[in-house]
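Working notes, beginning with the structure itself.
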Amino acid sequence: MSVMISTTQYSGPMDLLLQLIEKEKMDIFDIPIAKITSEYLRVMKLFQKEKTSEELADFLSMATTLMQIKSRMLLKRPDEEDAEDPREELALKILEYKKIKEAEKKLAERLIEGEKFHSKLQEDLSKFESEGQIIVEDAKILKNFLIRILIDEDTIEMEEKIIEPDEFPLQRYIFYLMDLFRSNERISLISLCSRRSKLEKIIIFLAVLELIKNGKIQCIQKKNDIFIKERKMNG
């Protein structure tokens with residue numbers, strides 16, 4: 001029986017794959033490759049006339065990958081049971097994509113919550129204003145900055161390994177940021193996010209938003225960078 005998938009609800013081949021897996025309640029690390037390949041090709045036929053050749057290229061590339069994995073599974077001999085599973089690399093990529101998607105959802109919710117960040121603690125900000133720096137209170141500025149950070153060339157691919165559910169806990173990054181203030185008056189977000197994976201960059205921004213919400217830090221924009229600074233209690 002074919003799974004009903006809306007062709008307007010996914011953003012790319014990995015999104016389509018994840019939807020198919022979740023609809024069928026498949027184990028990501030034990031994907032029935034023949035079935036998922038068949039479903040993937042079926043859904044792709046439904047929208048291929050609506051896509052540009054450029055958009056379709058990514059879906060076709062994934063279709064090729066699925067068929068290659070299917071062929072390798074069929075050709076696998078019984079005495080090769082201990083050999084590397086041809087599905088493993090794809091499974092790791094799907095799991096990473098799922099983690100990123102979940103983190104992006106949380107981030108979007110936080111940005112909607114904080115269309116304006118209101119100061120809970122007041123302090124003298126005149127020295128920053130006199131240096132041509134702007135106190136960032138608009139969540140849209142942070143959102144646009146995050147988009148730029150995510151597409152930077154220094155974003156690294158995650159190491160191919162099993163990602164544990166608590167590998168990137170938000171609380172750990174909150175403690176990490178606050179600990180950095182012991183030796184830094186303020187911290188550059190560009191430097192902080194340098195050479196990190198997309199998922200880790202999103203978690204860092206979630207930690208920043210949580211600390212802003214709780215009145216622990218403030219963001220200061222200077223030229224093309226944004227700095228975070230710990231708020232100090234007066235008196």
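Among the residues of the stretch 186-199, which ones are out of contact with any strand residue (DSSP E or B) (no Cβ under 7 Å at 6 or more places or on another chain) and either part of a loop (DSSP other than H, G, I, E, B) or modelled with pLDDT of 85 or more (or both)?
SER191, LEU192, CYS193, SER194
Against the test of being farther than 18 Å from LEU107 by Cα and not small (Gly, Ala, Ser), the options PHE205, PHE227 yield a single qualifying residue, PHE227. Comparison of ILE69, ILE31 shows that the only residue that is touching a residue at least 40 places away in the same chain (Cβ under 8 Å), more than 22 Å from the chain's Cα centre (by Cα) and either within 28 Å of LEU199 (Cα to Cα) or loosely packed, with under 13 Cβ neighbours inside 10 Å (or both) is ILE31. Scanning the stretch 218-230 for residues that are surrounded by fewer than 22 Cβ atoms within 10 Å (Cβ to Cβ) and either modelled with pLDDT of 85 or more or of a type outside the set (D, E, K, R) (or both), we see that the one that is farthest from TYR173 (Cα to Cα) is ASN224. Would you confirm whether any residue within the stretch 82-96 is surrounded by 15 or more Cβ atoms within 10 Å (Cβ to Cβ), of a type in the set (Gly, Ala, Ser), under 18 Å from ASP30 (Cβ atoms) and modelled with pLDDT of 90 or more? Yes, the stretch 82-96 contains a residue that is surrounded by 15 or more Cβ atoms within 10 Å (Cβ to Cβ), of a type in the set (Gly, Ala, Ser), under 18 Å from ASP30 (Cβ atoms) and modelled with pLDDT of 90 or more. Condition (residue is at pLDDT below 75 and either within 27 Å of LYS222 (Cβ to Cβ) or surrounded by 11 or more Cβ atoms within 10 Å (Cβ to Cβ) (or both)) applied to the stretch 97-111: is it met by at least one residue? Yes, the stretch 97-111 contains a residue that is at pLDDT below 75 and either within 27 Å of LYS222 (Cβ to Cβ) or surrounded by 11 or more Cβ atoms within 10 Å (Cβ to Cβ) (or both). ILE190 falls short of the stated requirement of being surrounded by 18 or more Cβ atoms within 10 Å (Cβ to Cβ) and free of Cβ contacts under 8 Å to residues at least 60 places away in the same chain.
Taken as a whole, the structure places MET44 among residues that are crowded, with 18+ Cβ neighbours inside 10 Å, more than 18 Å from GLU89 (Cβ to Cβ) and modelled with pLDDT under 90. Every condition in (1) over 26 Å from the mean Cα position of the chain (by Cα); (2) modelled with pLDDT under 85; (3) surrounded by 14 or more Cβ atoms within 10 Å (Cβ to Cβ) is met by LYS51 except one, and the failing one is (1).
The values are calculated or read from the model by the stated rules, or taken from the named source; none is laboratory data. Just so it is clear, the model here is predicted, and its values are computed rather than measured. So basically every Cβ, Gly included, is an ideal-geometry build from the backbone, and we count neighbours across all protein chains shown.
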